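See below for the structure under consideration.
The values are calculated or read from the model by the stated rules, or taken from the named source; none is laboratory data. Values in this document were obtained by computation on a predicted structure and should not be read as measured data. Counting neighbours? That spans all protein chains shown, and the Cβs are built from the backbone with ideal geometry, glycine included. For the accessible areas, the whole protein counts, side chains as well, though only heavy atoms, and no ligand, DNA or RNA atoms are used. Shrake-Rupley method; radii C 1.70, N 1.55, O 1.52, S 1.80 Å.
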Amino acid sequence: MTATQDTYQTAAAAGSAATARFRDSGKLAGGKEVDVERVNRLATRAVKALNDIVLEERVTYDEYNALKAWLIKVGEDGEWPLFLDVWLEHSVEEVATDHREGNKGSIEGPYYVPDAPTSETPMTMPMRENEEGTPLVFKGQLRSTDGSPLSQGKVELWQADAKGLYSQFAEGVPEWNLRGIVIADDNGNFEINTIEPAPYQIPTEGACGQLIAAAGWHAWRPAHLHLKAVADGHELLTAQLYFPGDEHNDDDVASAVKPELMLDLQDDGSGGKVTTYDIVLDPIKK
Ligand code: DHB
Ligand code: FE
């Protein structure tokens, strides 16, 4: 099989799997009801913003019909989660976390799955025998904003493999591959053995890829580790961590890179890498 065919097959699986996952999360069944005045305000502004573009750009019927066809295709391809998480979630995340004094967060993206295997520190991520990729030790301390260690807090990682594939969203990858939760020790220290993920290309053959090609954009996200950190009485942190030198750190298609999220990697002396990243959580304000 060629690399292109490989990418095609797994990308096709990713869109519909991301839609199914969102449905299973319970958020599709209405989520929380939004106040009528708020819906009125937001929907009015959204419709006005689109009308302003049509009038200012003098949008033609050909362009209008291309838009209609494309929107229909986004749904048919199951790519609404992908589209929204790539081009909109970063702003929602910014609003949701701009009060925080602890660590910066980033988007969750479409590939989170709850209830991953859990173990006490140190943990080795679930992975295949001879999992491809540079070995990586990810360690640090979980603390509160006042500096106190968060004993027994949890750090969860999920990531693509060395081919850029996520388990449960690509065919042929074991169910919990490279998804795991570590419980920190009494001093909030944690250590996770994993591998470096590859840069990731959002699916290119569906509606999102069609837009990217038609607009002359690219589909790349820089290599990243996804992270969630939780501790009693503290706000959940959802973040992504990045690798210095990745050519897409400056032009991430999902606009989800922040300078605070860059890892500092050291050689471990035997071909692998080690990185220390302390995580500071904000106490929940009463
Ligand atoms: C997408 C994939 C990711 O891994 C991510 O972190 C954000 C978005 C996507 O394909 O939409
Ligand atoms: Fe990702």
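A single member of Asp251, Asp267 is away from ligand 1 (no atom under 14 Å from the Cβ), open to solvent by 30 Å² or more (accessible area, probe 1.4 Å), over 21 Å from the mean Cα position of the chain (by Cα) and without any contact (Cβ under 8 Å) to a residue 60 or more places away in the chain, and it is Asp267.
A search for C-beta distances below 8 Å between a residue of region 205-221 that is touching a residue at least 40 places away in the same chain (Cβ under 8 Å) and any residue that is within 16 Å of ligand 2 (Cβ to nearest atom) and of a type in the set (Asp, Glu), counting only pairs 6+ apart in sequence or on different chains, returns Gly206/Glu79; Ala207/Glu79; Cys208/Glu79.
Among the conditions (1) in a loop (DSSP other than H, G, I, E, B); (2) crowded, with 22+ Cβ neighbours inside 10 Å; (3) touching a strand residue (DSSP E or B) at 6+ places or on another chain (Cβ under 8 Å), Val155 misses just one, which is (1). Looking across Glu120, Glu108, one residue alone is open to solvent by 40 Å² or more (accessible area, probe 1.4 Å) and within 16 Å of ligand 1 (Cβ to nearest atom). It is Glu108.
Quick one: in region 123-136, which of the residues that are part of a strand (DSSP E or B) and buried (at least 18 other Cβ atoms within 10 Å of the Cβ) is nearest to the chain's Cα centre (by Cα)? Of everything passing the filter in region 123-136, Leu136 is nearest to the chain's Cα centre (by Cα). Just one of (1) under 22 Å from the mean Cα position of the chain (by Cα); (2) loosely packed, with under 11 Cβ neighbours inside 10 Å; (3) within 27 Å of Gln168 (Cβ to Cβ) fails for Val86. It is (2). Can you pull out the residues in region 23-67 that are among the aromatic types (Phe, Trp, Tyr) and either surrounded by 11 or more Cβ atoms within 10 Å (Cβ to Cβ) or closer than 25 Å to Leu82 by Cβ (or both)? Selection gives Tyr64 alone. Of the residues making up region 137-152, those that are in a loop (DSSP other than H, G, I, E, B), touching a residue at least 12 places away in the same chain (Cβ under 8 Å) and hydroxyl-bearing (Ser, Thr, Tyr) are Thr145, Ser151. Ala116 passes every criterion in (1) assigned to a helix (DSSP H, G or I); (2) farther than 22 Å from Ile202 by Cα; (3) within 16 Å of ligand 2 (Cβ to nearest atom) apart from (1).
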